[in-house]
Structure formats: C-alpha cells, structure tokens
Amino acid sequence: MIKKCKKCIEFLADYLEGELPEDQAAEFEMHLNLCPPCREYLNSYRETIKLTRKCMCDHPEHEDDCKSPPQMPESLVQAIIKACKSKDE
Amino acid sequence: MTERRTRPRLNLCRHEDRLLRYRQMNRSYTDETVLVTGLRDGDEAAYEYLVREHGGRLLSVIRRILRNEDESADALQDTFIAAFKNIDRFEGAAKLTTWLHQIAVNAALMKLRKKRNIHERSVEDLLPQFLDDGHRADVGPTWTLTADQVAEQAELTGVVHEQIAALPDQYREVIVLRDIEQVSTDEAAQVLNITPGALKVRLHRARQALRKLLEPHMAGEKSA
C-alpha cells in the first residue's frame with residue numbers, strides 16, 4: 001500500500017511510463033489525491049521532462065517542431081574533414 | 001571476413017568534382033550499414049558523406065545550446081572527431097543519427113560548462129529528502145511556469161541548458177538519450193552498456209536532480 005511520499009516518489013517514473021501494475025497505479029493515484037506535495041512533485045517532474053525536450057527540440061525525428069537545419073558553410077565542412085584526417089594519421 | 005573497399009581519392013580542390021563524387025556517394029551511403037562499414041574502414045568518402053549529410057542538423061542543435069558561431073563550429077568538429085574515433089563502439093543499438101546527436105549534445109554541453117565555469121553538482125545533494133515517517137522534508141515552491149512558457153524565453157532556455165550541463169556525465173548522458181533523443185529504455189541501456197533496470201534508476205535520479213536545479217527558476221518570479 002502506497003501510504004508514504006517516499007514510496008510514491010520511488011514509483012513515479014514507472015507510473016508516468018505506464019509500467020506500474022494496475023493495483024499499484026490505483027494506490028499511487030489514491031496517494032496523490034490525498035497528498036498535495038506529491039501531486040506538485042509529480043507535476044514538476046513531468047514539466048522537467050517536457051522542458052528538457054522542448055529546450056533541445058532540434059532533432060531529425062521531430063522535424064515538425066523544428067526549423068529546417070542550416071546549410072553548413074563549405075569552409076567548415078573542409079575544416080572538419082581536415083581535422084578528422086589529421087587526428088586519424 | 002569483411003571485404004575492404006578501395007578508398008576513393010577525392011579532389012577537394014574542384015567544386016564540380018566534389019559535387020559529382022558526393023552524388024555518387026549518396027547512392028551507397030544512404031544504407032546505414034554500408035556507411036558504418038565505410039567509416040570503420042577509414043573510408044574518406046564515408047567521412048565526407050557523414051559530415052555533409054548530418055553536419056547541418058548537428059550544427060543547428062549545437063548553436064541552440066552555445067549561441068556562438070566559433071564555439072559551435074569547434075563543438076561540431078569535436079563531435080565528428082569523437083564519432084570517428086568511437087565508431088567501432090557503435091553497435092547499432094540506436095540509429096546512427098541518434099548516436100551522433102547525443103555526441104553533439106554532450107559536446108555542446110561540455111563546452112558550455114567550460115565557458116560558463118559551471119561546476120558539476122552532486123546528485124545525492126539534489127534528491128528529495130524525507131522525514132522518518134516517510135513524508136517529504138523539503139517541499140519546495142509551486143511551479144507556476146510551464147515548460148511551454150519557459151521554452152519561449154531565451155534566457156530561461158539558457159538556464160535549462162546550464163542546469164543539464166551541471167549534471168555529472170553519467171546522469172547527463174541518460175537524460176540526453178532518454179528525454180532528449182527519446183531512445184527506448186532497452187536501446188539506451190545498450191548504448192551505455194548497463195542493464196535496463198540500472199538505466200531506469202539512473203534516469204529517475206537524474207530527472208529528480210534536474211528538477212531540483214530548475215526549481216528556483218520555475219516559481220515564476222522572473223515572469224512577473
């Protein structure tokens with residue numbers, strides 16, 4: 001039975017991933033209903049995940065959210081190839 | 001035994017040659033297995049394909065974190081050098097784009113850490129504290145700002161980058177893979193060479209530590 005905040009916070013990640021067994025998820029939600037600090041913690045934990053994602057949104061798999069990538073200056077392409085070659089030698 | 005390809009000689013002086021060769025490369029290297037084999041063989045054409053094909057996207061990610069052209073170019077160079085150096089460790093657990101992306105994000109965050117003189121924080125000090133009866137001992141302020149509101153403010157976005165950069169390597173890496181790259185638990189565990197269970201524990205601790213680091217900025221004082 002999840003009666004304490006410590007246990008609740010321990011299960012938080014699994015709850016958000018939908019990996020808690022049904023009975024434990026129900027107990028988790030019951031604890032949240034009775035405990036405003038844990039509700040607040042859950043909210044801020046969820047926002048942390050969203051924030052991390054949003055602040056780094058340029059990703060090839062999520063092009064809809066992002067602007068198209070810039071063209072690389074040819075000078076930079078050549079500099080990188082040269083640097084990689086010299087490290088390789 | 002893998003057949004070793006003859007390394008094509010590139011004449012990098014002539015623009016037309018370069019474009020022609022690049023188009024020829026495109027045909028074979030769109031297959032990731034062929035590309036990775038080429039990189040492992042030290043094939044210069046594969047190197048160039050990788051830089052041209054992925055450089056723009058990686059530069060965009062790095063610029064977002066560093067906001068400085070010269071430093072971004074340096075971090076991009078570091079990214080490709082690290083990628084070529086470690087290509088033998090790429091086991092295909094994640095896609096090549098994902099693997100490259102996490103190297104780029106880590107390179108940019110490390111440069112940011114150095115530039116801003118950000119000190120690494122101990123995760124232990126950032127985990128929630130509990131009373132003997134199991135209740136929270138350190139209930140902080142209510143978060144009044146949402147992730148959407150923060151993402152619209154360059155100053156606060158910079159704070160998020162700095163706080164991620166302050167995490168110890170093993171915790172930063174797991175955040176980059178799972179929450180930024182959104183790689184599955186099993187794939188991320190393979191990339192980091194740990195068990196899925198250990199990855200979950202590390203990720204939970206990393207998120208809790210980052211939550212604590214962001215807390216002072218999320219109470220909304222700065223938006224008033």
Using the Cα centre of segment B:38-106 as the reference point, and only Cβ charges (+1 on K/R, -1 on D/E), how large is the resulting charge dipole? Debye, rounded to the nearest 20. 380 debye
Using the Karplus curve 6.51 cos²θ - 1.76 cosθ + 1.60 with θ = phi - 60°, work out ³J(HN,Hα) for each residue of segment A:23-38 in order, rounded to whole Hz, and write x for Gly and Pro. 5, 5, 5, 5, 5, 4, 5, 5, 4, 4, 4, 9, 10, x, x, 6
Can you give the mean number of other chain Cβ atoms that lie within 10 Å of the Cβ atoms in peptide B:179-191? 2
Which is farthest toward the positive dipole end of chain B among B:65, B:137, B:150, measuring Cα position about the Cα centre, with Cβ charges +1 (Lys, Arg) and -1 (Asp, Glu)? B:65
Rounded if a/c under 1.5, otherwise prolate or oblate - segment B:120-224, Cα gyration tensor axes: oblate
Per-residue [θ]222 nm for chain B (sum of -39500 (n - 2.57) over DSSP H runs n ≥ 4, rounded to 500): -19500 deg cm²/dmol
With a point put 7 Å past each Cα toward its Cβ, work out how far residue A:46 is from residue B:31 in nm, to one decimal. 4.6 nm
Where Rh denotes the Kirkwood radius from the mean inverse Cα pair distance, what is Rg over Rh for chain B? 1.06
What pairs in B:85/B:115; A:50/B:200; B:85/B:111 have C-alpha atoms more than 22 Å from each other? B:85/B:115
Dipole magnitude (debye, nearest 20) for segment B:48-88, charges at Cβ of Lys, Arg, Asp, Glu: 220 debye
What is the packing order of peptides B:114-122, B:152-160, B:47-55, taking the mean over residues of other C-beta atoms within 10 Å and listing the highest first? B:47-55, B:152-160, B:114-122
Using modelled backbone amide H atoms (1.01 Å from N, in-plane), which distant-in-sequence or interchain residues come within less than 5 Å of residue B:130's amide H? B:137
Which value in nm describes the separation of the simple spin-label points at residue B:85 and residue B:69, placed 7 Å from the Cα toward the beta carbon? 2.7 nm
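A short reminder: the numbers here are calculations on the coordinates, not readings from a lab. Everything numeric here is computed off the predicted structure, so don't read it as measured data. Positions of Cβ are generated from backbone atoms using ideal geometry, with glycine treated the same way; all protein chains shown enter the neighbour counts.
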